[in-house]
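Take a look at the structure set out below.
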């Protein structure tokens, strides 16, 4: 079973803005990605790094996953970024321009060194690589298996369309193939797939449509640049009550089937077998994270006993 | 000096008046008749026009030591009060007290006339530079800040006898009938002026839009108006309805609004008959938007919306979400247009709105009110008068009136402004006493007053981020630290009068 940690909403917060950093504990997103890369002007790279370190040192009761987006490993800032922020123990690193598995492996090695130095268990720091170039998209399936630290693949549509020399549209037809490759890569590796930001913070209707689309395709979360987008994203990702009710019936049905010694049963005229059960289990685990049900679905419920 | 029940030291007298220290919001009972004024008999049926402002001042018989009033429905667009004082000064009249419904930033032009002794006191709240200079000791001019309901009370009881009311009349005829609905200086409801028209000893209608008799609908009738005078312009229309009536886009503000909406929903009052008041701030409007969606979702028909009225309330009325709007002042153009054509959008007097000394003010019928705050404290007291430097800068408005009247008063306030914590051990100035404040909502959590245990339990049941007010204070102070207290001299420069006329707090001169 893949891990069911909810990562529906990943909010970018600029690392050089104290007034925004101080509000990180307040928002109900699942994760924040404190940005040292694109949001920070070149003249403020050092200051931002120190500010983020201070903030994390003081953010004791963490109530969401904290990732830090460092500068690309090919820049002169990346090493200092890691050296400064890792001792404040973020949950992981958002790695920009993860164009190849080698880049992820390189970060993996560095993280291991820091973990040894800091006395942390190896593998503590997670990685969320950005798939945001044509090359990155092509390599996505390999990148997805480059390290056990990976929690997912994150698609970056803004940089991707730039490298493709095309414009990003609100309907997103131009992103379809790239999104699918990222999705296939992530699903094949058993990790999550996180979609790109939606840039127009005043267009909530298009945000909703795009989120509905990417959920349908298989993404489990979305990045954001403004906290105002959180509620819509959560709303789209929340299982509908009918889905939850149906999933509960499926689990009950399959338990009955197993008692009768079979792995297949009919529920309201539809055949229930393992793939249907797996899907129901996923719905219920998500619903549990949303506080909609208290049932815990385990391997035995899905597969039965030998 | 006497310590009142909220711990503030109150002098025995101020500007020659004996003071009553505040004790609680409810128990003070008046034992007096309503104010009286001379009966007039005007037999002529011609024009009451006396010419310009100067002629009107002379006709009114204004003399040294008297008290005048204006209404503040033209807000920062008002030309009248400044022009009036210039003319009073030119006539050599001195020692005039101003008892307007509010004095705004635009009236900083009065400062030279305060220095000269033309103006020697304010029987009303004062916004902006005048109050700031008084706080610094740079101007010597006593100020008594009154709430909207308290000011109406002070005129109706005769505590503040207004000798002449000069009332801006945006749509007026020569015999003195007028309303605020139409004309270049249209401001909508004349809720404050209605009180002056009934209680001032002389009433002058001042207009820039004289229309043929009769000016209908009649808001203020000919029967209470002594004179009519004409001025080129009453005000700047752009600033009359200038309040920013837009929903906030600030994520912190939106989070506060979301929590406030959770509180309103948890009260259980959002059902048929629901009544509601909110202000014009971006957060208040965001709350109103949530309330509208709740009412739509549950098909609720509310009874009334109250207060300063905005286009948002007008939309809700027109959508059928409320039976009526009770309007003491219009905050935007949409409200002005609505009150002139919709009979369900009702002009009410400031007395009907909020005076504690009558047979029941409209605020008493409120379920929920959203109020703002400059600061709050662990006793749920709210300050809306003084800012971080300790200067008096704002009026109370209807804050303490609505808080006392509503079943649940909800104060919305960001937890941090600048670098300052907004939930403190003690507010600098108590504008509204904590026992009338139900809930304080910040982006860091919701604090519920112990006098609403059921609401608190319901919010906790619903998973709302309810926190003890002291816990909230500690969390905020962990970010901001504890600011050094402001230092004050002993000299009292202004009073904060509670709505019943007792003194809840004083403003002392700030140490330089």
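Readers should treat all values here as calculations from the given coordinates under stated rules, not as data from a laboratory. These numbers were taken from a predicted model, which means no experiment stands behind them. Backbone-built Cβ (ideal geometry, glycine too); neighbour counts: all protein chains shown.
Dividing the Cα convex hull volume of the range B:326-420 by residue count, how many Å³ per residue is that?
Residue-normalised Cα hull volume stands at 138 Å³.
For the range A:9-237, what log10 I(q)/I(0) values come out of the Debye formula at q = 0.18 1/Å, with one point per alpha carbon and no solvent?
The calculated log intensity ratios at q = 0.18 Å⁻¹ are -1.44.
If you count the DSSP beta bridges with both ends in the protein assembly as shown, what percent of them are antiparallel, to the nearest 5?
If we restrict to bridges inside the protein assembly as shown, about 25 percent are antiparallel.
Using a 7 Å offset from the Cα along the Cα-to-Cβ direction at both residue B:105 and residue A:174, what is the distance between the two label points in nm, to one decimal?
About 4.4 nm separates the two model spin labels.
Rg and Dmax in Å for the range B:350-508, alpha carbons only: what are they?
Answer for the range B:350-508, Rg first and Dmax second: 15.9, 49 Å.
Mind listing the Cα extents of the range B:268-404 along all three principal axes, in Å, largest one first?
Rounded to whole Å, the extents work out to 44, 31, 30 Å.
So how much slack lies between residue B:42 and residue B:271, counting 0.36 nm per residue of separation and subtracting their Cα-Cα distance, in nm?
The residue B:42-residue B:271 span can extend by a further 77.3 nm.
Considering chain A as a Gaussian network with a 10 Å cut-off on Cα pairs, which listed residue, A:168, A:279, A:69, attains the greatest mean-square fluctuation?
Result for chain A, Cα springs under 10 Å: A:279 fluctuates most.
Translational D (Stokes-Einstein, µm²/s) of the range B:251-487 at 10 °C and 1.306 mPa s when Rh comes from the Kirkwood sum over C-alpha pairs?
88
Translational D (Stokes-Einstein, µm²/s) of the range B:285-354 at 25 °C and 0.890 mPa s when Rh comes from the Kirkwood sum over C-alpha pairs?
The Stokes-Einstein estimate is 204 µm²/s.
Need the full-extension length gain, residue A:46 to residue A:118, defined as separation in residues times 0.36 nm minus the C-alpha distance. One decimal, nm.
So the extension gain works out to 23.7 nm.
Across peptide A:24-32, what mean number of C-beta atoms from other chains lies inside 10 Å of a residue's C-beta?
Per residue, the number of nearby Cβ atoms from other chains is 2 on average.
Calculate the all-directions average of the projected area of the range B:80-150's alpha-carbon convex hull, and give it in nm².
The orientation-averaged projected area of the Cα hull of the range B:80-150 comes to 4.3 nm².
Taking a point 7 angstrom from the Cα of residue B:249 along the C-beta vector, which residues in the range B:360-384 have backbone N less than 15 Å away?
Nothing falls inside the zone, counting backbone N under 15 Å.
Taking chain A as the reference, fit the longest principal axis to its C-alpha atoms, fit the long axis of helix A:176-189 to the helix C-alpha atoms, and give the angle between the two in degrees, 0 to 90, nearest 10.
70
How far is helix B:80-90 tilted, in degrees, relative to the longest principal axis of the Cα atoms in chain B, given as a value from 0 to 90 rounded to the nearest 10?
50
Quantify how strongly other chains surround peptide B:412-422 by giving the mean number of their Cβ atoms within 10 Å of each of its Cβ atoms.
Average neighbour count from other chains, rounded to a whole number: 1.
Can you give the percent of C-alpha pairs in the range B:1-147 whose distance is more than 23 Å?
In whole percent, the share of Cα-Cα pairs in the range B:1-147 beyond 23 Å is 48.
Quick one: give the max-minus-min coordinate of the C-alpha atoms of chain B along each principal axis, largest first, in Å.
Extents along the principal axes, in whole Å: 70, 55, 42.
What is chain A's relative contact order, in percent, from Cα pairs under 8 angstrom and six or more apart in sequence?
This gives 14 percent for chain A.
Taking the mean number of other Cβ atoms within 10 Å as a proxy for protection, how do you rank B:268-275, B:221-228 from highest to lowest?
The most tightly packed comes first, giving B:221-228, B:268-275.
Among A:100, B:27, B:502, B:47, rank each residue by its count of other Cβ atoms within 10 Å, from fewest to most, as a rough exposure measure.
Fewest-to-most ranking of A:100, B:27, B:502, B:47: B:27, B:47, A:100, B:502.
Expressed as a whole number of Å, what is the distance separating the alpha-carbon centroids of the range B:88-109 and the range B:183-220?
Taking the Cα centre of each part, the range B:183-220 and the range B:88-109 sit 20 Å apart.
Which percentage, to the nearest 5, of the DSSP beta bridges contained in chain B is antiparallel?
Close to 35 percent.
When the Cα centres of the range A:206-277 and the range B:1-62 are compared, how far apart do they sit, in Å?
With the range A:206-277 and the range B:1-62 each reduced to a Cα centre, they are spaced 69 Å.
Based on the Kirkwood radius over alpha-carbon pairs, what value in µm²/s does the Stokes-Einstein equation return for the translational diffusion coefficient of the range A:203-244 at 10 °C and 1.306 mPa s?
148
Percent relative contact order of the range B:251-487, based on C-alpha pairs within less than 8 angstrom and at least six residues apart?
18
Would you list A:77, A:184, B:26 from fewest to most Cβ contacts within 10 Å?
Ascending number of Cβ neighbours within 10 Å: B:26, A:184, A:77.
Give me the tail of P(r) for the range B:167-275 as a percent: Cα-Cα pairs with distance above 19 Å.
57
Give or take rounding to whole Å, what are the principal axis extents of the alpha carbon atoms in the range A:162-229, in descending order?
Rounded to whole Å, the extents work out to 35, 28, 18 Å.
Over all alpha-carbon pairs in the protein assembly as shown, figure out the percentage whose distance exceeds 51 Å.
31
Give me a single rounded figure for B:251-264: the average over its residues of other chain Cβ atoms within 10 Å of their Cβ.
2
Enter the angle in degrees (range 0 to 90, nearest 10) between the Cα long axis of helix A:101-118 and the first principal axis of the Cα atoms of chain A, meaning the one along which they spread out most.
80
Take every Cα pair under 8 Å in chain B that's 6+ residues apart, average their separations, divide by the length, and report that relative contact order as a whole percent.
Relative CO of chain B lands at 16 percent.
Rank by packing, highest mean first: peptides B:94-100, B:9-15, A:269-275, A:219-225, with packing defined as the count of other Cβ atoms within 10 Å averaged across residues.
A:219-225, B:94-100, B:9-15, A:269-275
Tell me, what is the Rg over Rh of the range A:241-303, with Rh the Kirkwood radius over Cα pairs?
My calculation puts Rg/Rh at 0.96.
Report the FRET efficiency, 1/(1 + (r/R0)^6), for residue A:106 and residue B:289, where r is their Cβ-Cβ distance and R0 is 56 Å, rounded to 0.05.
Efficiency computed from Cβ-Cβ geometry: 0.70.
Please report the antiparallel percentage of the DSSP beta bridges confined to chain A, to the nearest 5.
10
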